[in-house]
Every structure is written in structure tokens, then in C-alpha cells.
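> The structure that follows is given in the form of C-alpha cells.
The values are calculated or read from the model by the stated rules, or taken from the named source; none is laboratory data. Bear in mind that the values here come from a model prediction, so they are computed numbers and not experimental data. Counting neighbours? That spans all protein chains shown, and the Cβs are built from the backbone with ideal geometry, glycine included. These accessible areas exclude ligands, DNA and RNA; they are computed on the full protein's heavy atoms, side chains included. Shrake-Rupley method; radii C 1.70, N 1.55, O 1.52, S 1.80 Å.
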Amino acid sequence: MGTVPTLDFSGLYRAHARDVHRFALFLSGDPALADDLVAETFVRLWHARERVDLTTVRAYLFTIARNLFLRGRARAAPAVELDERLADPGPGPERTARARGELAAVLAALQVLPEIDRAALLMRADDGLSYDEIATALGLTPGAVRVKVHRARLRLAVARRDGGPAAAREESGP
């Protein structure tokens, strides 16, 4: 057996830390938790550096971050819903208000999507992973990933149109 190629860890960090952080932030909704998830993700990468396949390292990093998030969520106390009365009281143009309402509806709907659908959608839309990379990270087929992303987008469109997460929840099926 030959020698293992040297892993440019700092280069991998520079290339992927920002994307992993954005993904962790979307999963958790908490910047401090996202920072912790990124740090632990790269610690785990460092410990597994002999086994890292550089062709799939990005999907591997997203998988680590997602698994860390899921483990932490399983141990955490239930989340408390935010009081909707805390919205910005300042006056603004009608268009800005409508856009904020739509954004809030979509973000709320994003949180009620099944976790695997949310992860697939975020990996595709926000991080630009291919369907094959997402399939590898989530342990699904590329076809199943396409279906999950498509259905999640439809649910978010309905929530945007109807103004809330209930629309996404009602349409989430098998």
C-alpha cells in the first residue's frame, strides 16, 4: 500500500468552512450553535484525515455537520416559539412589509418541513450541491433527493402564497 496523500487541512477549511457554517446556521437558526457545529465538524475531519476522499469532502463535511446537529437536537430541551408580537414596529412601505411577511412565512415553513427535506433543500438551494452529492450525504438515491427538493420547494411556495407554515405542514405528506 502507498502512502496517504497529505491533507491540506487549512486549504479545506478556507474552501468549505463558510458553506458549512451557512448550512449549520440554516439547520439550527442559532449563530453560536452554527459556530460550534463548524468547529466540531472540522475537528472530526481532522481525526478522520487518513480516510478522507477529497472528491467527496464537501458532502462529507455537510454530513458531519448535519449529524452533529441532529445529535445535539435529540439531547436539547424543546424549542420555545418566538412571540410574533416582537416584529419590527417601525413604519415602512407596504412593499417592504409584504416582503417581510412572505420571508417570515417561508422561514417558518422551512422549520416545519421534515428535517431530511429541509437538509436536502438547503444543500441544493443554498450550498449548490449536486443531487448526487446530496444523495451521498443523506443516504438517498439522486431521484429521491430530486423529489424531496421539488416537494419542499412546492411547500415553501404555498406557504409564501398563503402566508404561513400551516400551509407547508398541511401539504407535507409521505
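> Being at pLDDT below 95 and open to solvent by 70 Å² or more (accessible area, probe 1.4 Å): is that true of T3 here?
yes
> A follow-up question, please. Quickly run through segment 45-71 and pick out the residues that are more than 12 Å from the chain's Cα centre (by Cα), under 18 Å from R22 (Cα atoms) and of a type in the set (K, R).
Scanning segment 45-71 gives a single hit, R58.
> Also, quick follow-up: Looking at segment 98-134 only, could you name the residues that are under 24 Å from T55 (Cα atoms), surrounded by fewer than 20 Cβ atoms within 10 Å (Cβ to Cβ) and either among the aromatic types (F, W, Y) or more than 11 Å from the chain's Cα centre (by Cα) (or both)?
Within segment 98-134, G128, S130, Y131, D132 meet the criteria.
> Here is a further query. Taking segment 145-170 as the region of interest, how many residues are surrounded by fewer than 15 Cβ atoms within 10 Å (Cβ to Cβ) and modelled with pLDDT under 65?
Total meeting the criteria: 2.
> A follow-up question, please. I need every pair where a residue in segment 18-29 that is under 8 Å from L122 (Cβ atoms) and touching a residue at least 12 places away in the same chain (Cβ under 8 Å) has its Cβ under 7 Å from the Cβ of a residue that is open to solvent by less than 30 Å² (accessible area, probe 1.4 Å) and among the aromatic types (F, W, Y), sequence separation at least 6 or different chains.
Final answer for the pair search is F23/F62; L27/F69.
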